[in-house]
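Engineer: This is the structure I have questions about; it appears just below.
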Amino acid sequence: MKDRGLLIVFSGPSGVGKGTVRAKIFEGENDFSYSVSMTTRKQREGETDGKDYFFRTRDEFEEKIRSGLMLEYAEYVGNYYGTPLEYVNATLDDGKDVFLEIEVQGALQVKEKVPDAVFIFLAPPDLRELRERLVGRGTDTPEAIEGRLIKAREEIRLMKDYNYVVVNDQVERAASMVKQIIAAEHTRVERVIEKYADILEENEVNYYDVKTIN
Ligand code: 5GP
């Protein structure tokens, strides 16, 4: 049987640059697969259905929730966002790591369900910079920006539930840190030791055999 892949949860306040860092991470070669989320928000220009998100109606989304087909979901600024369960399970079963980029309510749900996932929090250098980024992006009204900042303060307090914090002062550096964290997670003793269980037992048997002969 193949070893199950790692579930990597990359999260943090909206506007902190999760999407940009994620894009940088997936620019080059890597061994993990991105889980495309489902949402009820409107498709933005340049976005592709099935690649950026699965764009669905509220009815369709609620049907998925009722059928137990979402690993997690959250209502965020008036829209649903969530992770379809099937892709995640199939990919992990296939021995590949799965990378989720989700907001914090969803990350907490994953923590409840999959406590041994790897939780990485992307933090802004400071809230002033976060505000500037949201204004610079030009996709939100001033009221929406204030709403997002209030939410961001609450979200930053949630850092304590994560395993790692990466500060997004430079996209390139943050992306590289995330990759290094994932690589290091694969070397954790508790993840590796099971693979050696057979060998350890065999050695013990041999050792006792030798003793008996002597
Ligand atoms: P946006 O509308 O800017 O694409 O995304 C808004 C927020 O929703 C971002 O913080 C993004 O990370 C989060 N998000 C995207 N996909 C998911 C998901 O599947 N689940 C949850 N909980 N949040 C998501």
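Engineer: Restrict the check to segment 51-66 and report whether at least one residue is open to solvent by less than 10 Å² (accessible area, probe 1.4 Å) and more than 18 Å from Gly12 (Cβ to Cβ).
Structural biologist: Within segment 51-66, one or more residues are open to solvent by less than 10 Å² (accessible area, probe 1.4 Å) and more than 18 Å from Gly12 (Cβ to Cβ).
Engineer: For segment 50-88, name all the residues that are near the ligand (Cβ under 10 Å from one of its atoms) and more than 20 Å from Lys111 (Cβ to Cβ).
Structural biologist: Asp52, Tyr53, Phe54, Val77, Asn79
Engineer: Report, ordered by the first and then the second residue, all pairs with beta carbons closer than 7 Å, sequence separation of six or more or different chains, a first member in segment 29-51 that is closer than 15 Å to Val88 by Cα, and a second member that is more than 10 Å from the ligand (Cβ to nearest atom) and small (Gly, Ala, Ser).
Structural biologist: Val36/Gly50
Engineer: How about segment 116-130: which of its residues are over 13 Å from Pro13 (Cα atoms) and either modelled with pLDDT of 95 or more or buried (at least 19 other Cβ atoms within 10 Å of the Cβ) (or both)? Walk me through how you get there before you give the answer.
Structural biologist: To start, the set of residues in segment 116-130 that are over 13 Å from Pro13 (Cα atoms) comprises 116-119, 128.
Result: Ala117, Val118, Phe119.
Engineer: Just give me the residues in segment 1-49 being open to solvent by 50 Å² or more (accessible area, probe 1.4 Å) and more than 14 Å from the ligand (Cβ to nearest atom), in sequence order.
Structural biologist: Met1, Lys2, Asp3, Arg4, Lys24, Phe26, Glu27, Glu29, Asp31
Engineer: Is segment 169-188 home to any residue that is modelled with pLDDT under 95, more than 13 Å from Phe10 (Cβ to Cβ) and touching a helix residue (DSSP H, G or I) at 6+ places or on another chain (Cβ under 7 Å)?
Structural biologist: So far as segment 169-188 goes, no, none of its residues is modelled with pLDDT under 95, more than 13 Å from Phe10 (Cβ to Cβ) and touching a helix residue (DSSP H, G or I) at 6+ places or on another chain (Cβ under 7 Å).
Engineer: Can you tell me how many residues within segment 131-168 are within 16 Å of the ligand (Cβ to nearest atom), within 17 Å of Ser11 (Cβ to Cβ) and not charged (D, E, K, R)?
Structural biologist: So the answer is 7.
Engineer: Listed residues Asp169, Asp97; which is among the acidic types (Asp, Glu), within 22 Å of Ile182 (Cα to Cα) and open to solvent by less than 30 Å² (accessible area, probe 1.4 Å)?
Structural biologist: Just a single option satisfies the conditions, and that option is Asp97.
The values are calculated or read from the model by the stated rules, or taken from the named source; none is laboratory data. Just so it is clear, the model here is predicted, and its values are computed rather than measured. Heads up, the Cβs are rebuilt from the backbone with ideal geometry, glycines too, and the neighbour counts pull from every protein chain shown. Side chains included, ligands, DNA and RNA excluded: accessible areas come from the protein's heavy atoms. Shrake-Rupley method; radii C 1.70, N 1.55, O 1.52, S 1.80 Å.
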